[in-house]
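The values are calculated or read from the model by the stated rules, or taken from the named source; none is laboratory data. Keep in mind that this is a model prediction, so the values were computed, not measured. Here Cβ is always computed from backbone atoms with ideal geometry, including for glycine, and neighbour counts include all displayed protein chains.
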Amino acid sequence: MTEKEIYQLEKQKTATTPMLKRVLCNYLPVSNVDQAAKWYADTFGLTVKKREPEGAILVLGDGQWIFLLESTSHSSANFITNQWDGEGYEMFSLTFEVDNIVDLHKKLRDTGAEAQPLVDHDGCGLQFKFKDPDGNKFNVWQDPKSV
């Protein structure tokens, strides 16, 4: 195989393979890192690592990291869209996959968190939305094959 042919094959491979592999970590705005880290650890059993000089890292079950950083603007990770669930919908930034959505939903409700009702989306599985104490909105999903 000539050098030109090898170059063409590599070029073709690059063109068909996505250059972005996965999401390594996410960043969430919070008003108080220590309080937010405690809430996530207590509520979800996540491991918390301190990030120097400031901030905290939450470690999910698959090893993915979520950084908690104090926001100077007191904003959330939510945004408004007309392209999801009607006009002016407050959109969540992340969907978490879980193994036991019913128990998690109950725990959030029992602890007073703002958690919407469980919804069965048939082939798409059970889901619900919740907000953390800083108003960051999330979706939770369980694979229908594991229910």
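At-a-glance table
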read-out	value
Which listed residue, of Ala37, Ala77, is in a helix (DSSP H, G or I), touching a Lys or Arg at 6+ places or on another chain (Cβ under 9 Å) and crowded, with 16+ Cβ neighbours inside 10 Å	Ala37
Within the stretch 135-147, considering residues that are under 15 Å from Tyr40 (Cα atoms) and surrounded by 20 or more Cβ atoms within 10 Å (Cβ to Cβ), the one nearest to the chain's Cα centre (by Cα)	Val140
Members of the stretch 86-100 found to be assigned to a loop (DSSP other than H, G, I, E, B) and within 21 Å of Asp143 (Cα to Cα), listed by number	Phe92, Ser93, Val98, Asp99, Asn100
Residue in the stretch 14-26 that is surrounded by 13 or more Cβ atoms within 10 Å (Cβ to Cβ) and among the polar types (S, T, N, Q) present	yes
Conditions (1) surrounded by 13 or more Cβ atoms within 10 Å (Cβ to Cβ); (2) of a type in the set (Gly, Ala, Ser); (3) at pLDDT below 95: number failed by Gly123	(1)
The stretch 101-130, residues that are touching a residue at least 40 places away in the same chain (Cβ under 8 Å) and either touching a strand residue (DSSP E or B) at 6+ places or on another chain (Cβ under 6 Å) or in a loop (DSSP other than H, G, I, E, B) (or both)	Ile101, Leu108, Thr111, Ala113
Residue within the stretch 85-92 that is touching a Leu at 6+ places or on another chain (Cβ under 8 Å), in contact (Cβ under 8 Å) with a residue 12 or more places away in the chain and not aromatic (Phe, Trp, Tyr) present	no
Complete set of residues in the stretch 50-74 that are within 14 Å of Leu24 (Cβ to Cβ), among the aliphatic types (A, V, I, L, M) and either part of a strand (DSSP E or B) or not assigned by TED's automatic domain parsing to the domain that holds Trp39 (or both)	Ile57, Leu58, Val59, Ile66
